[in-house]
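Notes to accompany the following structure.
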Amino acid sequence: IEALARRAPLVGTPLLLLGLASALAGGSLERAVRDVLEALPDVPLARERLARIVGRQVSQLPEAEILRAAAETAAENAVDGLFAPLFWMLVGAALLALGPLLLSPQLPGPLALAWSFKAASTLDSMLGYRHGRLRWLGTAGARLDDLLTWLPTRLVALTLPLAAGRPRQTLRWFRAALRDGAPDPSPNAGVSEAAFAHAAGVRLGGANTYADGVRIKPILAATGSTPDAAAVARILALGDRLELIWLLVALPALWALSAAAAGRAPGADQ
């Protein structure tokens, strides 16, 4: 598709844009979380909708725990569903921009890297539960996803204070996200949730019941308020604003990189 977009832009470019859009799940995540909020105070309906987007057992959750689950899902999956594929998309765009300078038109571009990440993320979602006879396979998928999500997660934690309008808190909140998220078994989920918890001023973490038992997740942003519908909405809004910030910074930078690479490529007019 990337090659077609270069050779036949009228045909390939719409397909490229459609493919890129398919890799970003920010809209579907927001709709799924808001569906849960809109179901309340009908707790059985909210549980039914929540069960579609979380791995924990929801059949006995009261309203307060439903709201916490919605907030944690919005915070964690903002990275998995939006910022990690966007990061790899931008890396691919940078490789394309550098193509003339590197004398390699066959470098993977934004769609190749975004879809590669989505393949790894889907493998983790399908097989990443590390138990049973196929533990080795689930572990491999989970570790690959951890590796590809490690840097995007920390970039989100570093830039989220800008989206919250609190740039002076950047280093303090970044350190707090790393500290709070460190006890989580995942090297990324805890950091992602902690970053949004501090930025939104909401307390996350606690006991979650899964099919294989109860797990105690670390407390994140302990001084924050108890999650309510407004807190969940703040987390969603922070994700929207941060996406806009990333694009406003990245797109001009990519244009400048492309222009510089074209000007310095062998054979370019000086």
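The values are calculated or read from the model by the stated rules, or taken from the named source; none is laboratory data. Only a predicted model underlies this, so the values are computations on that prediction, with no experimental measurement involved. Backbone-built Cβ (ideal geometry, glycine too); neighbour counts: all protein chains shown. Side chains included, ligands, DNA and RNA excluded: accessible areas come from the protein's heavy atoms. Shrake-Rupley method; radii C 1.70, N 1.55, O 1.52, S 1.80 Å.
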Surface share of carbon and sulfur [accessible, 1.4 angstrom probe, percent] for the chain: 63
Stokes-Einstein D in µm²/s, Kirkwood radius over Cα pairs - region 199-270 at 20 °C with 1.002 mPa s viscosity: 131
Candidates Val36, Val58, Val214: whichever shows maximal mean-square fluctuation once the chain is modelled as a Gaussian network with Cα springs under 10 Å: Val214
Accessible area per residue in Å² at 1.4 Å probe, computed on region 173-232: 42
Per residue value of the accessible surface for region 30-152 (all protein chains in place, 1.4 Å probe), Å²: 50
Within a Gaussian network of the chain (alpha carbon springs, distance under 10 Å), most fluctuating of Leu95, Leu257, Leu160: Leu257
Sequence of Asp180, Asp35 when ordered by accessible area, the most exposed leading, probe 1.4 angstrom: Asp35, Asp180
Coil-residue trypsin sites (Lys or Arg not before Pro) of region 123-207, DSSP, other Cβ within 10 Å capped at 11: Arg133
Exposure of Ser22 as accessible area (Å², to 10), given a probe of 1.4 Å and all protein chains: 80
